1. Report, by chain and number, residues whose modeled amide H sits under 5 Å from the one on ALA104, excluding near sequence neighbours (fewer than 5 apart, same chain).
2. Note down the nm distance, to one decimal, between modelled labels 7 Å out along Cα→Cβ at ARG266 and at SER337.
3. Add +1 for every Lys or Arg and -1 for every Asp or Glu among the other residues with Cβ under 14 Å from the Cβ of GLY349, and state the total.
4. Distance cut-off 24 Å, Cα to Cα: go down the list LYS26/LYS132; LYS4/LYS350; LYS221/LYS284; LYS4/LYS55; LYS208/LYS284; LYS3/LYS350 and report the pairs above it.
5. GLU99 versus MET310, label points 7 Å from Cα toward the beta carbon: distance in nm?
6. When the chain is fully extended, how far beyond the present Cα-Cα distance does PHE240 get from LEU356, taking 0.36 nm per residue of separation?
7. Evaluate the relative contact order of segment 1-42 (contact order divided by residue number), counting alpha-carbon pairs under 8 angstrom at least 6 apart; express in whole percent.
8. Treat segment 256-373 as a sphere of radius equal to its Kirkwood radius over Cα pairs and apply Stokes-Einstein at 20 °C in a medium of 1.002 mPa s; give the translational diffusion coefficient in µm²/s, rounded to a whole number.
Amino acid sequence: MAKKIGILTAGSDSPGLNAAIRAIGKTAIGVYGMELVGFLDGFHGLIHNHNMPIKASTLSGILTIGGTILGTSRDIPQDRIYEDNQTDLVDRSIQTYQELGLDALICIGGIETQEAGYRLTQHGLNVITIPKSIDNDVPMTDMTIGFSTAFEIAAQSIDRLHSTAHSHHRILVVEMMGRNAGWLTLAAGVTGGADVIVIPEIPYDPQKIALAIQKRKEAGKQFSIVAVAERIISQEQVEFIQYLKDINEMKHSGEEQEQVAERLERLEMRFTDSTLLLANRLEKYTGLETRITILGYLLRGGAPSAGDRMLATEFGTACVSLVNSNCFGIMIAKHGSKVEPVDLEQVVGKEKPVPLDHSWILSARAVGTQFGD
Ligand code: F6P
């Protein structure tokens, strides 16, 4: 009997999601004669059984459209109690899966989605995940859906900021999304010709950045572009947090120590206004007028790049062929030119920071880009 598959897109929207849905749908329906159900708004749709049938007609014309036709949300099935106070959200998800008579569930999303997919796998569901994130921060895959488009938008934005920076002799600080990883800022910074790139993986010293900008000024370059990731951290902040951690270990023990450690970890993740702080300091130290541009959600919007359409098509088609072979509990990944399955167990609980010896960093340094370290 033909298989019945559920699909959902979860977490933040990203260009290329529709291309993945299309690839899954066309292969599942056209090649294997499978039946498809789409859950609305990510795991929310699975938990509450909000779904729509996906037919061949649903898939036409969506390859080039941004966002996701299924909608998305940040809801995840976890051991949280549902409104009826009896069942948890994992049980609700399992119930929907069983009620619909699904043979498999395909979850397209970022790190949290991989973790949710793994949790459902542990509860016996047949899950395959596809990595998506403009941040490219999902472990065990070279590339995620959405990164290529965001990279292109970010690089083009830096190109455009050059005009104002150059004409007004200003420092232009441009902030990009990326969560804890600097992939997007690094890639866009290198290709957009940023003079300074600041990423979370490399804590910065504002004096060093100011000195580099000062040197450019002395060499007759009256402007600088500083590409900054959204969660940058200064060397000073790192030292301060370390100081608090040391005090915590010295002064507290047991549960109290754990509580303070947890709060410090949250604080470390939530330095807000870090871009503003850096911009203010640069203006003060260099005497150059400094302006900030935050690219924000522009990075996630609009039509997917050709690169994302290709990746989404490769991931989507490979995924269905693995469903057909009853291969579950895996994430589809890109390794070099290959598309391969990886055990979800190997993906969860990890991060994917930019390695400090990554060739993008080495090349940037070689062409004189400063990292503030
Ligand atoms: O993970 C993608 C991403 O765009 C991050 O770069 C950013 O930190 C986050 O999502 C923003 O989330 P939200 O859409 O919930 O504001």
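Coordinate-derived values only; no laboratory data. These figures come from a predicted structure and were not determined experimentally. All Cβ positions, glycine included, derive from the backbone under ideal geometry; neighbour counts span all protein chains shown.
1. Amide H to amide H, under 5 Å and 5 or more residues apart or across chains, ALA104 pairs with LYS4, GLY6.
2. Output for this residue pair reads 4.9 nm.
3. Taking every Cβ under 14 Å from that of GLY349, the sum is -3.
4. LYS4/LYS350; LYS3/LYS350
5. 4.3 nm
6. Length difference between fully extended and current span is 39.5 nm.
7. 64 percent
8. 109 µm²/s
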